[in-house]
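Report on one structure; see the data block that follows.
The values are calculated or read from the model by the stated rules, or taken from the named source; none is laboratory data. Worth saying up front: this structure is predicted, and the values here are computed from it rather than measured. Every residue, glycine as well, gets a Cβ built from its backbone with ideal geometry; the counts of neighbours run over all protein chains shown. What goes into the accessible areas is simple: the full protein's heavy atoms, side chains included, and nothing from ligands, DNA or RNA. Shrake-Rupley method; radii C 1.70, N 1.55, O 1.52, S 1.80 Å.
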Amino acid sequence: MEAKEKDLLRGGQFLVKETNCEDVFTPEDFSEEQNMMKEAVMEFNDREIIPHKPRFEAKDFALTEEVMRKAGELGFLGVAVPEAYGGLEMGFVSTLLVCDYISSGTGSFSTAFGAHTGIGTMPITLYGTEEQKQKYVPKLATGEWFGAYCLTEPEAGSDANSGKTTATLSEDGKSYKINGQKMWISNAGFCSLMIVFARIENDKNITGFIVENDASNGITMGEEEHKLGIRASSTRQVFFNDTVVPVENMLAGRGEGFKIAMNALNVGRIKLAGACLDSQRRILTTAVQYANERKQFKTPISEFGAIKVKLAEMATSAYAGESATYRAAKNIEDRIALRVSAGNTHQEAELKGVEEYAIECSILKVAVSEDVQNAADEGIQIFGGMGFSEETPMEAAWRDARIARIYEGTNEINRMLSVGMLVKKAMKGHVDLLGPAQAVQEELMGIPSFETPDYSELFSEEKEMIKKLKKTFLMVAGGAVQKYGSQLEDHQQLLIAAADILIEIYMAESAILRTEKNAKRFGEEAQSVQIAMSKLYLYHAVDIIEEKGKESIISFAEGDEQRMLLMGLKRFTKYQNYPDIVDLRNEIAEKVKTENKYCF
Ligand SMILES: Cc1cc2nc3c(=O)[nH]c(=O)nc-3n(C[C@H](O)[C@H](O)[C@H](O)COP(=O)(O)OP(=O)(O)OC[C@H]3O[C@@H](n4cnc5c(N)ncnc54)[C@H](O)[C@@H]3O)c2cc1C
């Protein structure tokens, strides 16, 4: 189905516009081709990765490289790459799908895969000249070469534009000499090519270069880092000592590096969310299988309410994560298609398409990376003492999950970015926050309706609740902007609270819309457990939003204003009919127990 401009929400607009369930893409909408791809990738994971888990945990770096090469031979490294450069050009949803289902075996492989296909390759496909793309992308798409991305330095982490690595133009103007030190570079140990960011003279912004990995050209590597998790993912420092790079290897223009770095990270963020999804499914499946078998007090532990809570919550967060990730992925794909049909080159279209949804990419990165960590944590708990043992897969899953909250921009940075970008979009007029925020102000001054609405239709109360949660965001963020104006960025605790509200709205709405769409086509009965999960997710979202809203309002408003806003918050987070979440959890857990796996 071709999306039309008027139907397609802009990035961030989900907050102020209602979305029809028919307009969201769900995993149940995968095409036959996508389902075949999913099967192929799952089979690859089951054959090439899962059985070798102990070797990955024993830091077998050569195995990571070998499996990457096999993935290349099967075309998995080139899913997103245009056919003209040796890839499969399968679209953004398929790219996400491959990332999702190839990543659950071990974080070591998924990091190598993500670093290569995302930040190692995308800067060239998105910003490269025709010559650069012809020269490098086919090798990267097939796995003949592997890519790495050198942005971080010892003193430049989150403050990525502050790097000290320099690039100095030669006297004949034909090449640059790169000098500096990069650290935490994934794939460093086996890459053939690096995207390196360096500063020319006293430029405000860094510049990107494509640098071939050649030890005879002043490139040396540190030892492999000893890490908490992703143990067979190669991570090293890289030193450049008068490394000569021809001028034609500059990416985009001088000083464009920071923009490249940020846009590559946008793609990386949604892909990282995708990469955490199948891990969540697999963790739940492993946990429920154990819980069904393990008996204590002559009873399978899966019968205990304390374990059912965990199973239900793990299933629910995985379901919401899937719903939101594929919803955003399809928005990006549609936006790219729209731009291509409007005459943009594929390269421009892809760049702008992803940039448009940078807010959603940050939201997803934060939400799903935290969900997978929670799932692994509860997975360990379900396994009890065995969960703490290296012999069961939970401890590695937990260690591997931890990095997702740190790289591709820490979750703190992504939280602040999501709200910051939204405020910027509002200022540019891309998303009208002001009008809706004023409407909320007026509503707060008015007398609330005492009518009892009819909530008999599926999700009618939940959708009303989502509308109210959106008002909560507008009330909180609007109030904070009014109070602090451009100084808002100095109030990080407020920004983080606002981001949490934003995240919960997007995730809860995505789960509800997916289920509503599926209930319409497959029937409510067939979606009974999905309905329960959507309601359970929303219930928690409301709680979180109430808490974050309260702390924010108290921090920036006083006296009558504070009282009015707190009353508004109460109104906007109040159910008419509270869901019985114990019943909901029991229903979800029962299904997972019976199916003995994540089955949605
Ligand atoms: C295993 C691994 C693989 C990696 N792979 C790569 C790679 O391939 N290429 C690459 O370039 N980099 C890579 N990185 C680096 C990674 O992107 C950085 O570690 C990350 O961006 C954070 O930077 P930092 O470690 O310097 O932490 P810092 O920036 O020092 O942050 C420390 C803490 O302070 C917080 N903080 C920092 N600034 C602010 C602020 N303004 N406001 C509020 N809080 C703030 C952070 O959120 C964090 O909690 C990798 C890291 C690891 C551990």
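Here's the list of aspartates and glutamates a cross-link from K174 could span, going by alpha-carbon distance under 12 Å and ignoring same-chain residues fewer than 8 apart: E248. Phi angles of region 534-543 translate, via the Karplus equation with coefficients 6.51, -1.76, 1.60 and θ = phi - 60°, into HN-Hα couplings of 5, 5, 5, 4, 4, 4, 5, 4, 4, 4 Hz per residue; Gly and Pro are given as x.
Between region 77-116 and region 190-225, the alpha-carbon centres lie 24 Å apart. Of the beta bridges in the chain, as assigned by DSSP with both residues counted there, near 80 percent are antiparallel.
Please label the shape of region 1-157 as rounded, prolate or oblate, based on the square roots a ≥ b ≥ c of the eigenvalues of the alpha-carbon gyration tensor (a/c under 1.5 means rounded; beyond that, a/b larger than b/c means prolate, else oblate). Prolate, since a/c reaches 1.5 and a/b exceeds b/c. The GluC sites (Glu not before Pro) found in region 526-600 that occupy coil by DSSP, while having at most 16 further C-beta atoms within 10 Å, are E558.
FRET efficiency for the K70 to V244 pair, using the beta carbon distance and R₀ = 35 Å, is estimated at 0.55. Calculated mean residue ellipticity, 222 nm, the chain: -19000 deg cm²/dmol, from DSSP H runs (n ≥ 4) at -39500 (n - 2.57) each, averaged per residue and rounded to 500.
Computed from Cα atoms, the angle from the helix 305-341 axis to the main principal axis of the chain rounds to 60 degrees.
Rolling a 1.4 angstrom probe over the protein heavy atoms with all chains in place gives region 494-562 an accessible area of 35 Å² per residue.
Please work out the FRET efficiency for the pair D46 and N577, using the Cβ-Cβ distance as r and a Förster radius of 51 Å; give the result to the nearest 0.05.
Details: r = 44 Å, r/R0 = 0.86.
The computed FRET efficiency comes out at 0.70.
Here the 3J(HN,Hα) profile of region 200-216, calculated from phi with Karplus coefficients 6.51, -1.76 and 1.60 at θ = phi - 60°, is 9, 6, 9, 3, 5, 10, 6, 10, x, 9, 9, 10, 6, 7, 9, 4, 7 Hz, Gly and Pro shown as x.
Let's test the formula: R0 of 35 Å, r as the Cβ-Cβ distance of E144 and K204. What FRET efficiency results, to the nearest 0.05? After rounding, the FRET efficiency stands at 0.40.
Of the chymotrypsin sites (Phe, Trp or Tyr not before Pro) found in region 378-451, the ones in coil according to DSSP and having at most 16 other Cβ atoms within 10 Å of their Cβ are F450.
Rolling a 1.4 Å probe across the protein heavy atoms gives region 357-436 an accessible surface of 40 Å² per residue.
Bridging of K520 to aspartates and glutamates at a Cα separation below 14 Å is possible for E22, D23, E28, D29, E457, once same-chain residues fewer than 8 apart are set aside. Projecting label points 7 angstrom from Cα along Cα→Cβ for Q492 and Q562 puts them 2.5 nm apart. Loop-located GluC sites (Glu not before Pro) in region 149-231 (DSSP state not H, G, I, E or B) with no more than 11 neighbouring Cβ atoms inside 10 Å: E155, E171, E201, E223.
Given the Cα-Cα distance of E595 and E457 and 0.36 nm per residue of separation, how much length would full extension add, in nm? Write out the running numbers ahead of the final one.
On the way: separation 138, 0.36 × 138 = 49.68 nm, distance 2.88 nm.
Net length gain for the segment: 46.8 nm.
Helix 434-445 and the longest principal axis of the Cα set of the chain meet at an angle near 20°.
Per-atom-type breakdown for region 311-402 gives carbon and sulfur 51% of the accessible area (1.4 Å probe, protein chains only).
For each pair in K53/K591; K53/K227; K467/K574; K38/K517; K133/K182; K330/K365, compute the distance between the two Cα atoms and list the pairs where it is over 20 Å. The pairs that break the limit, which is 20 Å between Cα atoms, are K53/K591; K38/K517; K133/K182.
For the pairs K271/K550; K424/K597; K204/K352; K271/K535, note any where the Cα-Cα span goes beyond 31 Å. From the list (K271/K550; K424/K597; K204/K352; K271/K535), the Cα-Cα distance tops 31 Å for K271/K550; K424/K597. Once you have a ≥ b ≥ c as the square roots of the Cα gyration tensor eigenvalues for region 555-600, tell me rounded if a/c is under 1.5, and otherwise prolate or oblate according to whether a/b is larger than b/c. Verdict is prolate for region 555-600. On C-alpha positions alone, give me the angle between the axis of helix 393-402 and the longest principal axis of the chain, in degrees, nearest 10. Helix 393-402 sits at roughly 80 degrees to that axis. Listed by chain and number, the aspartates and glutamates whose alpha-carbon sits under 17 Å from that of K425, ignoring those within fewer than 8 places in the same chain, are E355, E356, E360, E489. Between E390 and Q296, the distance separating the two model label sites (each 7 Å from Cα on the Cα→Cβ line) works out to 2.5 nm. The slack in the chain from Q482 to E303, taken as 0.36 nm per residue of separation less the alpha-carbon distance, amounts to 59.3 nm. Where a ≥ b ≥ c are the square roots of the eigenvalues of the C-alpha gyration tensor, would you call the chain rounded, which needs a/c under 1.5, or, failing that, prolate if a/b is larger than b/c, or oblate? In terms of gyration-tensor shape, oblate. Each part reduced to its alpha carbon centroid, region 392-428 and region 561-600 end up 24 Å apart.
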